[in-house]
Amino acid sequence: MNLKSIGDAWQSGMAKNITFIVTKDCQLACKYCYLVGKNVKERMSWDTAKAFIDYVLAREDDFREESVVWDFIGGEPFLEIELIDRICDYLKLRMFELGHHWFDSYRFSFSTNGINYHTPEVQRFIEKNREHLSIGITIDGTERKHDLNRVWKQATPDENGIIHPSDRGSYKDVVKNIPLWLKQFPDAGTKVTISSPDIPYIRESVMHLYGLGIHQVNINVVFEDVWQEGDDARFEEQLMLLADEIIDGGWYQDYACSFFSEHIGKPLDPVRDNQNWCGAGRMLSVDAAGNLYPCTRFAQYSLRSKKALVIGNIRDGINPNLLRPFLTLDRTTQSPQKCLDCEVASGCAWCQGENYDAAQTNTVYQRATAICLMHKARVRANNYYWNKLYRKLELEGRREEFERNKRSVEHQTC
Amino acid sequence: MMQYLVILLDDTSVAYCHCDNPHRERRLMPPETLRDGIRYAMTHNLMIQFVYPDYDLPQDYLDAIDTIDHHDIVPFPRQGDVAVAENSKLKIENSAGAVVVLRMKKAELFVSGDTVAALLRQVQRLNIVITDLDTFTDADLVPYGALLDRWAALLKEEYLAGRTPQLNLLTDRMMLTAPNHCNAGVENLTLAPNGRFYLCPAFYYTASEESVDPEDIPNQQLLRLDHAPLCRRCDAYHCRRCVWLNQRTTLDANTPSHEQCAVAHTERNASRRLLAAIREKAQFMPEVDIKEINYIDPFDIRKDF
Ligand code: SF4
Ligand code: SF4
């Protein structure tokens, strides 16, 4: 989970996201995982991490954002807790020694499967960096929903080092760490990803996560072209059931689910609403080989059909020409006509990495619209949700009170 | 709308644009491919530009070529509508009244002041094509601007004397009120000796596996000006907006490199100075207005768009 998603207004939008892909290994082999090339071979060395940090911190003028989020992802980042601890110590030391403006405004952010959360090494790290930390644990919902996808990997990788799934679910190994996590980060949210087989479990899963004490459920459908005929109707049905349960049970007051947002489902103005959706190109990622990417989704292990889009490396730096397409991206140029004419376009997201991977040519300018019917279904259910909720609040005379206190839900794409 | 078909008659047909032709072995386009190409152009109302190798073609080829209205692009010193010269092979005395494309690397460009000046007194039109545009640094732009000013001084004298030689780097922008880009894949396509279509010869030279179906060019909209976020707001109208260079330098066909923009803006600004200098002495092209700007790369002002 990244910082934007935890309802924390901390320097929102003004932070640079810098991601260390510390390992491509993971204990799990989730079936929907977009990381098609996960393997046990590519672990970041200390020398690579240090060279990258030195490169970034030496260029304060090129990285003017007020704040920085140092992101650690994998695979499973906590498999490399020793390296991460060393990286974070070095970052703090160097930002201080250099008088870097980020020393006053930095975060370390983690997206973890939660399995190692309780271990002494991870706990020591949390204790040491508590004030500057955000950690998201991914749990997909009920045990049967979670275990549908989030399974342990087979004990041994294949001859190419590629990891394959086993039959053993990971729910029990994760859920035991949720109380400790929520004690340490009471406002934390979790991220849920929905693919075609997950649709029947959406309602029960969100309610289950609320029941575990997680107040913020960030949930989105995958951008890949995985959808089957009828999925949109099934999806709408699940969201309506979820809407009923949230509203009838009064959960809407203290809990939030990102599927329901008042800002989605409206037409967009071609001039005023022309921004790109995601931050690719404004972020920076580094992998074990020292290659730099506009976002982790452009690393080879995330791509099905295209070559990695490497924008530089820690020795030669960033090639600024390769950032130009990203930094000039807008909504209308990359969207097909149906999206420009769409009556419910707001909130319909895209991922630049998936756009690139699915495009007919080598470009980041062809928007993939595999989620089209799913977004429209979401909009219908979302309209139902707000109509029902506001009617109820009005009848109870509590609408104003609700408006004053409601949790903000920000969009999140990846 | 498609308007032109470029037909490369041989694998060694002369390179006339940014990309060198790497082919050294002759491979003449098969006669039936030539016939099909001509037929395609006729049925689609396309003007053909034949690109010739440096040897005489068989008579039946010349006969076939003669069956359609066309332009010839030939290697210098052969005779054609456009003669293409590499700097080292150019003989100035052979260029009187011609339309000449002069291909040069940056290093040659910077020592070509006299050659180009002499050519400008002879030719009807000179197109200078820099073949390693991507190696320009910002420091190179200062001497490049000075070189353009030197040629501009000569052009000014010629224009005031009633002669109008054209130099693409300086006079095109002075004459244009709208973009005049290459538009490969939108207004023109290339037929290679292998019988396949390409966006332009450079794609054939460097990525021969990337041929296109002329009836269904993938992401063709990204080759159009309205889908090029920087170029559609740019007034360096003479710029080629080379989509091949774009693809090579930024990995996206609709986005130019800093170097392409900075070089084109150095030319644009030199054209502006030339226009002002001519206007000091005479009324000239009143409909053209080249504004003073404080950037050399539209990317640097993208926030203002
Ligand atoms: S993908 Fe579909 S729902 Fe989304 S903006 Fe385009 S047309 Fe609208
Ligand atoms: S100068 Fe740059 S922005 Fe302008 S047309 Fe040429 S390539 Fe495009």
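The values are calculated or read from the model by the stated rules, or taken from the named source; none is laboratory data. Source: prediction; values computed, not measured. Using ideal geometry, Cβ is built from the backbone for each residue, glycine included, and neighbour counts are taken over all protein chains shown. SASA here: full protein model, heavy atoms, side chains in, ligands and nucleic acids out. Shrake-Rupley method; radii C 1.70, N 1.55, O 1.52, S 1.80 Å.
For the structure I just gave you, tell me whether A:GLU82 is in a helix (DSSP H, G or I), among the acidic types (Asp, Glu), over 20 Å from the mean Cα position of the chain (by Cα) and within 27 Å of A:ARG297 (Cα to Cα). Yes: the conditions hold for A:GLU82. Of the residues making up region A:290-324, just one is assigned to a helix (DSSP H, G or I), modelled with pLDDT under 95 and open to solvent by 40 Å² or more (accessible area, probe 1.4 Å), namely A:GLN300. Would region B:209-218 turn up any residue that is touching a Pro at 6+ places or on another chain (Cβ under 9 Å) and either surrounded by 15 or more Cβ atoms within 10 Å (Cβ to Cβ) or within 10 Å of chain A (Cβ to nearest Cβ) (or both)? Checking region B:209-218: at least one residue is touching a Pro at 6+ places or on another chain (Cβ under 9 Å) and either surrounded by 15 or more Cβ atoms within 10 Å (Cβ to Cβ) or within 10 Å of chain A (Cβ to nearest Cβ) (or both).
Of all residues in region B:221-264, those being open to solvent by less than 10 Å² (accessible area, probe 1.4 Å), more than 18 Å from the chain's Cα centre (by Cα) and more than 7 Å from chain A (Cβ to nearest Cβ) number 1. Scanning for something touching a Ser or Thr at 6+ places or on another chain (Cβ under 6 Å), surrounded by 20 or more Cβ atoms within 10 Å (Cβ to Cβ) and part of a helix (DSSP H, G or I), does region B:148-167 turn up at least one residue? No, because not a single residue in region B:148-167 is touching a Ser or Thr at 6+ places or on another chain (Cβ under 6 Å), surrounded by 20 or more Cβ atoms within 10 Å (Cβ to Cβ) and part of a helix (DSSP H, G or I).
The single residue among B:LEU230, B:LEU176 that is away from ligand 1 (no atom under 16 Å from the Cβ) and within 30 Å of B:GLN283 (Cα to Cα) turns out to be B:LEU176. Just one residue in the set B:ALA253, B:ALA270, B:ALA262, B:ALA276 is away from ligand 1 (no atom under 16 Å from the Cβ), out of contact with any helix residue (DSSP H, G or I) (no Cβ under 8 Å at 6 or more places or on another chain) and among the hydrophobic types (A, V, I, L, M, F, W, C); that residue is B:ALA276. Restricting attention to region A:230-254, the residues that are crowded, with 20+ Cβ neighbours inside 10 Å and within 13 Å of A:VAL217 (Cα to Cα) total 3. Can you tell me which of (1) closer than 24 Å to A:ALA299 by Cβ; (2) in contact with a strand residue (DSSP E or B) (Cβ under 6 Å, 6 or more places away or on another chain); (3) within 16 Å of ligand 1 (Cβ to nearest atom) is the one A:ILE318 doesn't meet? Only one criterion in (1) closer than 24 Å to A:ALA299 by Cβ; (2) in contact with a strand residue (DSSP E or B) (Cβ under 6 Å, 6 or more places away or on another chain); (3) within 16 Å of ligand 1 (Cβ to nearest atom) is unmet by A:ILE318, namely (3). Selection over region A:130-170 of residues that are open to solvent by less than 70 Å² (accessible area, probe 1.4 Å) and farther than 16 Å from A:TYR210 by Cα gives a count of 20. Residue count for region A:280-338, restricted to those that are farther than 22 Å from B:HIS258 by Cβ and among the basic types (Lys, Arg): 6. Taking region B:202-229 as the range and being modelled with pLDDT of 95 or more and under 23 Å from B:THR12 (Cα atoms) as the test, the residues that pass are B:ALA202, B:PHE203, B:TYR204, B:TYR205, B:THR206, B:SER211, B:VAL212.
If you go through region B:109-133 and keep only what is under 17 Å from B:TYR16 (Cα atoms), open to solvent by 30 Å² or more (accessible area, probe 1.4 Å) and either touching a Pro at 6+ places or on another chain (Cβ under 8 Å) or modelled with pLDDT under 95 (or both), you end up with just B:ARG125. Applying the criterion of being at the interface with another protein chain (Cβ under 10 Å from one of its Cβ atoms) and in a helix (DSSP H, G or I) to the residues of region A:325-358, the residue that is nearest to ligand 1 (Cβ to nearest atom) is A:GLN337. Can you work out which of the residues in region B:284-294 that are under 18 Å from B:ARG232 (Cα atoms) and either surrounded by fewer than 13 Cβ atoms within 10 Å (Cβ to Cβ) or within 14 Å of chain A (Cβ to nearest Cβ) (or both) is modelled with the lowest pLDDT? Ranking the qualifying residues of region B:284-294, first place goes to B:ASP289. Among the residues of region B:29-46, is any assigned to a strand (DSSP E or B) and at pLDDT 95 or above? The answer is no, given that none of the residues of region B:29-46 is assigned to a strand (DSSP E or B) and at pLDDT 95 or above.
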